[in-house]
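I have placed the structure first, in the form of structure tokens, so that the comments after it can refer back to it.
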Amino acid sequence: MTTNSSHAGRVVLVTGAGQGIGAAIARAFVAQGAAVAVLDLDHERAALTADELEAAGGTAIGVAADVADRASLAAALDRVVHRLGTVDILINNAGISPKHDGAPAPIDAMDEAEWRRVVDVNLTGAFLAAKLVVPAMQAKGWGSIVNMSSVAGRTYFPSIGVHYAATKAALIGFTRHLAGDLGPHGITVNAIAPGRIRTPLIASVPAAVNEAAIQATPLRRLGEPIDVATAALWLTSADAGFVTGQVVDVAGGWLMT
Amino acid sequence: MIGFDGKVLLLTGAQGGIARATAERFLAHGARLLLTDLDGTALEELGRRLDPTGGRVLTMAQDVTVPADALRAVTAAVERFGRLDLLVTAAGLYPEALVRDMPDDEWRRVIAVNLDGVFFTTRAAIPALAPGGAIVNVASMAGHRGSRAHAHYAAAKGAVTSFTRSLALELAPAIRVNAVAPGLIDTPMVQPLMAAKGEQLLAQTPLGRLGRADEVADAVAFLCSDRASFITGETLHVNGGLHIAG
């Protein structure tokens, strides 16, 4: 099977795609022939990433929305469907991990509003996006969803807040049950659990934390956003047609499940 | 993006359904192959069918329970193709017996093929594997959820998963080591099981069908490829959702 354009003709929605892992995922899908909606809270970042992909000869549009706000997300999805068609592949990547001077708030100092915002973006955002795109996937009898979990959702991971870890664990339960529900409709649902990946999020913690992570990683490096993007590509390709309900660690062996 | 041009694969148990599909995939992706199985004569025919010119496929008999056979296979791959990059251990045995009735020799035979065989072949291959190479062991859903009347098989496959992780630690960062855990795949191996309770098993599978051998082969190819360059020690399940856990 040729893999030169494994996703030709597919419409892909990537949330949180203005930078970091999301942008790398958008880039990887465009390179495989997909039409990609680059969704981000930051309008300018979404537009810049989409422009870059278009300039490289791909099909991409930037849309701004808050994934935690159903109305905002629904309006953005309307624009995507109008411009590109209904969504075949959803990558629930939008996520936040608030830090204070490079460290997460300890629980006794964690603001309730911060907790709620993390749950809203990281977990409820994935729910809302899936809720909105699934009907069209069911109508077509094909679809693929990838939720961005984290090794922090599976085990203790230094320098991560409890809100972030809780949402990433919840996304695994969400993935498994949604896979069971949607399997009979020909829709696969999987999750990726990245380890420490070189992104703006990672740059916000002290260098010593990242150095310690590298030493604890068998492959002896940080992951790159493209390492996560290639896993997302594979999970949504025809090659992975019998893979559903699974969580794939992309962590260089830091965690092995 | 998946390409194995210039790469050499050693594949054990090559006559099996999943292994045949794996051989076809890796050949299509540009690899050169040494295929081994217990019956070398039958394997020659498979080799000729895959590659009539014989330039890219070599076959030889290997009893995976015999350490010397593993060394002979690795030596043959290196002599013929000049290198070894990829190892896929697919040799397996899947007899049926309840534990209370299981003869000693059947237990030993299943552990010998499914577990000792992985160890012997891997140990022989390690010195020859080129940096940047990869190993994929064929584990099984049975190793995660158990398998009634196949306790020996399930125990061996569970052990293969643990072996995979330990080996990943030993060989990093030069060589990545992963496993695939197939569920019910449409091969001769699962036919007795499907005849007995196929309807029930398919009803429990969210995707509502058996997997195809080429779908497992694609997972093996992914794990061996640069697309999985930050994935090691991992077990990738290909089971249509029949087992969702862990």
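A:Ala23 - would you say it is crowded, with 20+ Cβ neighbours inside 10 Å, modelled with pLDDT of 95 or more and assigned to a loop (DSSP other than H, G, I, E, B)? Judged against the criteria, A:Ala23 is not a match.
Condition check ((1) out of contact with any Gly (no Cβ under 9 Å at 6 or more places or on another chain); (2) small (Gly, Ala, Ser)) across all residues:
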site	(1), (2)
B:Gly54	no, yes
B:Arg72	yes, no
B:Glu79	yes, no
B:Leu84	no, no
B:Ala90	no, yes
B:Leu98	yes, no
B:Asp104	yes, no
B:Trp107	yes, no
B:Thr121	yes, no
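Restricting B:Leu84, B:Leu46, B:Leu38, B:Leu34 to residues that are over 24 Å from B:Arg176 (Cα atoms), in contact with a strand residue (DSSP E or B) (Cβ under 9 Å, 6 or more places away or on another chain), open to solvent by less than 20 Å² (accessible area, probe 1.4 Å) and among the hydrophobic types (A, V, I, L, M, F, W, C) narrows the list to B:Leu46.
Which of the residues spanning the range A:194-223 are at the interface with chain B (Cβ under 10 Å from one of its Cβ atoms) and either open to solvent by less than 60 Å² (accessible area, probe 1.4 Å) or touching a strand residue (DSSP E or B) at 6+ places or on another chain (Cβ under 6 Å) (or both)? The answer is A:Pro194, A:Gly195, A:Ile197, A:Thr217, A:Pro218, A:Leu219, A:Leu222, A:Gly223.
Report whether or not A:Val11 is under 23 Å from A:Ser149 (Cβ atoms), modelled with pLDDT of 95 or more and buried (at least 21 other Cβ atoms within 10 Å of the Cβ). When the stated conditions are applied, A:Val11 does not pass them.
From the list B:Ala181, B:Ala196, the lone residue that is more than 10 Å from chain A (Cβ to nearest Cβ) and among the small types (Gly, Ala, Ser) is B:Ala196.
Of the listed requirements (1) in a strand (DSSP E or B); (2) in contact (Cβ under 8 Å) with a residue 60 or more places away in the chain, B:His243 misses just one: (1). For the range B:213-226, indicate whether the set of residues that are assigned to a loop (DSSP other than H, G, I, E, B), modelled with pLDDT of 95 or more, open to solvent by 10 Å² or more (accessible area, probe 1.4 Å) and within 27 Å of B:Ala31 (Cβ to Cβ) is non-empty. No - not one qualifying residue is present in the range B:213-226. Look at A:Asp249 and say whether it is in contact with a strand residue (DSSP E or B) (Cβ under 6 Å, 6 or more places away or on another chain), surrounded by 23 or more Cβ atoms within 10 Å (Cβ to Cβ), among the acidic types (Asp, Glu) and in contact (Cβ under 8 Å) with a residue 40 or more places away in the chain. Yes. Looking only at the range B:167-202, how many residues end up being more than 16 Å from the chain's Cα centre (by Cα) and closer than 19 Å to A:Gln246 by Cα? Of the residues in the range B:167-202, 2 are more than 16 Å from the chain's Cα centre (by Cα) and closer than 19 Å to A:Gln246 by Cα.
Counting residues in the range B:149-157 that are within 13 Å of chain A (Cβ to nearest Cβ) and either surrounded by 21 or more Cβ atoms within 10 Å (Cβ to Cβ) or of a type in the set (Ser, Thr, Tyr) (or both) gives zero.
Go through the range B:188-229 residue by residue and tally those that are over 24 Å from A:Pro184 (Cβ atoms) and in contact (Cβ under 8 Å) with a residue 40 or more places away in the chain.
The number of residues fulfilling the criteria is 14.
Annotation for the range A:185-193: no member residue is free of Cβ contacts under 8 Å to residues at least 40 places away in the same chain, open to solvent by 30 Å² or more (accessible area, probe 1.4 Å) and of a type outside the set (S, T, N, Q). Residues in the range A:111-165 that are outside any helix (DSSP H, G or I), open to solvent by 30 Å² or more (accessible area, probe 1.4 Å) and touching a residue at least 12 places away in the same chain (Cβ under 8 Å): A:Gly141, A:Trp142, A:Arg154, A:Thr155, A:Pro158, A:Ile160. Only one entry of A:Ala47, A:Ala17 meets the criterion of being at pLDDT 95 or above and assigned to a loop (DSSP other than H, G, I, E, B), and that entry is A:Ala17.
The values are calculated or read from the model by the stated rules, or taken from the named source; none is laboratory data. None of the values given here were measured: they were computed from a predicted structure. Glycine also receives a Cβ, built like all others from the backbone with ideal geometry; neighbour counts cover every protein chain displayed. In case anyone asks, the SASA skips ligands and DNA or RNA and just uses the protein heavy atoms, side chains included. Shrake-Rupley method; radii C 1.70, N 1.55, O 1.52, S 1.80 Å.
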